[in-house]
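The block underneath contains the structure these notes are about, expressed in structure tokens.
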Amino acid sequence: MFEIIAEDKKTRARTGLLKTAHGKLETPFFMPVATKGAVKYVSADDLKKIGAFCIISNSFVLYLKPGLDVISHSGGLHKFMKWNRGIFTDSGGFQCCRESFFVKSTAEGLHLKSPFDGRAHLLTPEKSMEIQQTIGSDIAMCLDDMPSFSRDKKYVAEKTKTTHEWAERCLAAHTDKKQLLFGIAQGGVYADLRKKSMKFISSHEFDGIALGGLAIGEPLSNMHDMITATIEIAPRDKPRYLMGVGSPEDIFKCITLGVDCFDSTFPTQNARHNTLFTHKGKIKIFKGRYKHDLKPIDEECDCPVCAKYTRSYIHHLKRMEEPLGMMLATVHNLAFITNFMKDIRTSLKEGRFYKFQKEFLESFKKRD
Ligand SMILES: [Zn+2]
């Protein structure tokens, strides 16, 4: 299922291949976020053009709208959205930290409310497996009971215990052998709880392990300590997924700690808010200095946007709030991160990861 191709000698960074029903995913990789079955402002065709090979959707949101009947009627999410590459689905456990969804959690499952009509839903581990299997994602996630990072140890220990019980219920309810299932390790910001959780999850037959409840507002150093404590004892032969990390600096750091898969709205949100990534740092396209700038967003980028359009034009579109400006900016930022991940994989295969990281970050920290 997961094959390691090359490992860095100095750190825990590695590159490998994860086999799924929709092709082999080369790790480490970054997934654009398609919560409702679409990456904001980008078509599936454009995602393919920039070389993205896996996205992540939210199964609970899709269950609410358009509903499983609509998705099954099309033959699953891949066919519904015309995307024949990898899809991860999140279980809905993340909704625990959203006030618009969360009501309470009990031993049975998560009690949620629909942000669309306010109706109550009980999301059990069994229900979550049924939803994700109907959607037909390539990789399903267990339902977890995620504590917020600021809670005391006793509370986090209880939530971690519930997460473990639900992980076993998910395994028992998961019957689609073409779909991979990832377990989620919790434990808040407590290293001993994190280790205990990783031991528990890795003792079960999951295809990969997610590090849950991180990148949710805790200090960065806490997050790095927790990743280190968890990955120290993680099985080498299973992919590790960290949710919610997406800046090049953070991705580099987490890859050196041993993380293989990432997702985040960071590149798409930045694009919508006029911050574009280039090999010479981030640029604020809104600034007056780009009004007459005939260069592409990034001279080192080979994306379809940089091949054709100028900073001057994108500056104008953004100032006029033309939707095309959002589209072009988003396609470029996602292409930038996709190419960045590809360059990391190449540097790992060629044994020059450290040098690549140093040179990239040196140049990327520049400001316009
Ligand atoms: Zn570009």
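Readers should treat all values here as calculations from the given coordinates under stated rules, not as data from a laboratory. Keep in mind that this is a model prediction, so the values were computed, not measured. Cβ placement follows ideal geometry from the backbone for every residue including glycine, while neighbour counts extend to all protein chains displayed.
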> Looking at the stretch 316-329, which of the residues that are within 13 Å of the ligand (Cβ to nearest atom) and in contact with a helix residue (DSSP H, G or I) (Cβ under 7 Å, 6 or more places away or on another chain) is nearest to ALA271 (Cα to Cα)?
Replying inline: ALA329
>> Checking the conditions here, which among TYR309, TYR313 is within 12 Å of the ligand (Cβ to nearest atom), more than 23 Å from the chain's Cα centre (by Cα) and of a type in the set (Phe, Trp, Tyr)?
In response: TYR309
> Pairs, please: C-beta under 8 Å, at least 6 apart or cross-chain, first residue of a type in the set (Val, Ile, Thr) and in the stretch 303-325, second more than 15 Å from the ligand (Cβ to nearest atom) and in a helix (DSSP H, G or I)?
Replying inline: none
> If PHE266 passes every condition in (1) within 14 Å of the ligand (Cβ to nearest atom); (2) out of contact with any Phe, Trp or Tyr (no Cβ under 8 Å at 6 or more places or on another chain) but one, which one does it miss?
Replying inline: (1)
>> For the condition within 15 Å of the ligand (Cβ to nearest atom) and among the hydrophobic types (A, V, I, L, M, F, W, C), what is the one hit in CYS254, CYS261, CYS303?
In response: CYS303
> Can you tell me which of ILE227, ILE216 is of a type in the set (Val, Ile, Thr), touching a residue at least 60 places away in the same chain (Cβ under 8 Å) and either surrounded by fewer than 22 Cβ atoms within 10 Å (Cβ to Cβ) or not in a loop (DSSP other than H, G, I, E, B) (or both)?
Replying inline: ILE216
> Just a yes or no: is a residue in the stretch 347-368 under 23 Å from VAL33 (Cα atoms) and either without any contact (Cβ under 8 Å) to a residue 24 or more places away in the chain or surrounded by fewer than 18 Cβ atoms within 10 Å (Cβ to Cβ) (or both)?
Replying inline: no
> Taking the stretch 276-300 as the search range and keeping residues that are closer than 13 Å to THR330 by Cβ and of a type outside the set (Phe, Trp, Tyr), which one is nearest to the ligand (Cβ to nearest atom)?
Replying inline: ILE297
>> Can you pull out every residue in the stretch 175-197 that is surrounded by fewer than 22 Cβ atoms within 10 Å (Cβ to Cβ) and among the hydroxyl-bearing types (Ser, Thr, Tyr)?
In response: THR175, TYR190
